[in-house]
Amino acid sequence: MRYKSTRGGVKDCGFIEAVLMGLAPDKGLLVPHSIPEVSAATLEQWKKLSFPELSTEIISLYIDPKEISKAELAELTRKAYSTFRTDEVTPVAPLGGDYKLLELFHGPTYAFKDVALQFLGFLFELILQKGYANGRLTIIGATSGDTGSSAIEGIRGKKGVDCFILYPNNRTSKIQEAQMCSVPDENCHAIALEDAFFDDCQKIVKTLFADQAFHKKHSLGAVNSINWARIVAQIVYYFYAQLKFDEPCHFSVPTGNFGDVLAGWYAKQMGCPCKSLVVATNANDILARFFATGTYSKPPSVVETVTPSMDISVSSNFERFVYHCCGDDDKILKGLMDTFEATGAFTASPEHWEKCKAEMYAGSCQQPQILATIKKWHEKTDYVLDPHTAVGVYCAEQLKATLGPGPVVCLACAHHGKFPTSIEKAIGAATLAEVPEEKNLTDLLDLPKRKNVLVNSLDAVVDFVEAKVGGGKPAAKKAKK
């Protein structure tokens, strides 16, 4: 399997090179030359597999065995998913009626990002053992909450890897921040940018990856879903869930950076017999607006909501989807992205817009609806939805008549215990007090923290990285806490 950039600057590279590259030099994203197809007979065989075994089968389709053998991959997936609190890794739980929950929060940090980032941490370690990047890698990532803690948990203590995670100060939940800042391992650094949103953090990360001199000097590696390895690992749980049902499912996916629902789209293209995909957005609804109008338009600012991991105005992985819907034409895609970067908007041709709409449905959920959905389902079933999951459930309910018959699998992205303030708003303090406490999360609040607060600037981040791994250059002044 070979890879190329959505913008045409990289025509042919292998899996390991694509993983290490993260973002292509032309600022495009790496995609496979072709999407492998899975036969009905193979699907039948896969029903018998455990999650790590299924991961090995699916991910191996995207890797030349000369780079990573199937035996190496099997050991990697075994180690990655041994860290989860359930043998199923991503179990499907009933919610009520046609509605099911694909619980993706049984990993170390109680968020869906663990599924990919536990895999990616061990993958980076294996790649370095093979002699790539001179045995040293500098991870730089951006987070709106969950990616950072999952990345740090996946990379902590890994030999030869330093990890820097940027996040907007005071715009994650306290537990999300505690997960990032309470890790004592010296190779991990949580960086809170003052007066920033996720998009500011993501812009700095993309700028550093596009700086080829900096990229080469520090052997940069990506943990955000711009990295293809994140997407391919997430493909697995769509197959795992669908193979539990005798009829095609609908999947409703809470969506910020578009990586999770994109993985579902790849699964469907491969032959996963699911029926439809729902892009479920919050008030930051750039994606829902695109599916409704054909115009992808960045809003003037990000709206802060009770779903911080979805408070994003630009969805990086949407570029991969648009590229495929434009017939894998890098010239068309580059033209659209050049226009977007220059003006803050692009409009797809009617043909390409129709293609996008044929692949996915989209909806949005405002803050009052999020809280009402949490309250409604708790009163009906005692199940406590996290705010992000509630967005997926609400949008699925709103679109159910359009989707038609069949099970609706809503991706449960995080454990509700990460967002106690929001859950209290939804169900009330007295009711929340009756919900069993997840002490693995609440105990984090009392641990010592290693938090680095910097001004929101590229130079401040560069200086900090250089001070830690670049030979001792003094770091830029920190912002006041």
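The values are calculated or read from the model by the stated rules, or taken from the named source; none is laboratory data. What you see is a predicted model, and the numbers here were worked out from it, not measured in a lab. Cβ sites come from the backbone with ideal geometry, for glycine too, and all protein chains shown count toward neighbours. What goes into the accessible areas is simple: the full protein's heavy atoms, side chains included, and nothing from ligands, DNA or RNA. Shrake-Rupley method; radii C 1.70, N 1.55, O 1.52, S 1.80 Å.
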- Could you pull out every one of the aspartates and glutamates with an alpha carbon less than 13 Å from that of Lys355, ignoring same-chain neighbours closer than 8 positions? Asp328
- Query: Among the aspartates and glutamates, which have Cα under 20 Å from the Cα of Lys375 when same-chain residues fewer than 8 positions away are ignored?
  - Reply: Asp98, Glu103, Asp386, Glu397, Glu424, Glu434, Glu437, Glu438
- Remind me, relative contact order of region 337-481 in percent, using alpha carbon pairs under 8 angstrom and six or more residues apart? 16
- Note on the structure: Which residues qualify? For Leu220, with a placed amide H closer than 5 Å and at least 5 residues away or on another chain, they are Thr138
- Message: Keeping every protein chain present and rolling a 1.4 Å probe, give me the accessible area per residue for region 8-80 in Å².
- Response: 43
- What is the gain in length, in nm to one decimal, between Lys216 and Lys203 on full extension, counting 0.36 nm per residue of separation less the C-alpha to C-alpha distance? 2.8 nm
- Report, by chain and number, residues whose modeled amide H sits under 5 Å from the one on Ala142, excluding near sequence neighbours (fewer than 5 apart, same chain). Leu166, Asn224
- Message: I'd like the distance separating the alpha-carbon centroids of region 86-113 and region 176-238, in whole Å.
- Response: 25
- Hey, got the Cα dimensions of region 234-435 along the principal axes, in Å, largest first? 57, 44, 27
- So in region 234-435, what percent of DSSP beta bridges are antiparallel if you round to the nearest 5? 20
- Item | Sites matching GluC sites (Glu not before Pro) across region 11-73 that sit in DSSP coil, with at most 11 neighbouring C-beta atoms within 10 Å | Glu37
- Item | Within region 368-408, backbone nitrogen closer than 13 Å to the virtual label 7 Å beyond the Cα of Val303 toward Cβ | 368-371
- Query: Just how far, in whole angstrom, is region 374-450 from region 271-339 if you go by their alpha carbon centroids?
  - Reply: 24
- Portion, in percent, of the accessible area of the chain that falls on carbon or sulfur, probe 1.4 Å: 51
- Mind checking region 111-202 for GluC sites (Glu not before Pro) that DSSP puts in a loop (not H, G, I, E or B) and that have at most 11 other Cβ atoms within 10 Å? Glu186
- How high is the relative contact order of region 44-96, given as a whole-number percent (alpha carbon pairs under 8 Å, six or more residues apart)? 43
- Mean Cα-pair separation over length for the chain, i.e. relative contact order, pairs under 8 Å, 6 or more apart, %: 18
- Rg(Cα)/(2.2 N^0.38 Å) for the chain, N = residue count: 0.91
- Query: What fraction of the DSSP beta bridges in the chain is antiparallel, stated in percent and rounded to the nearest 5?
  - Reply: 30
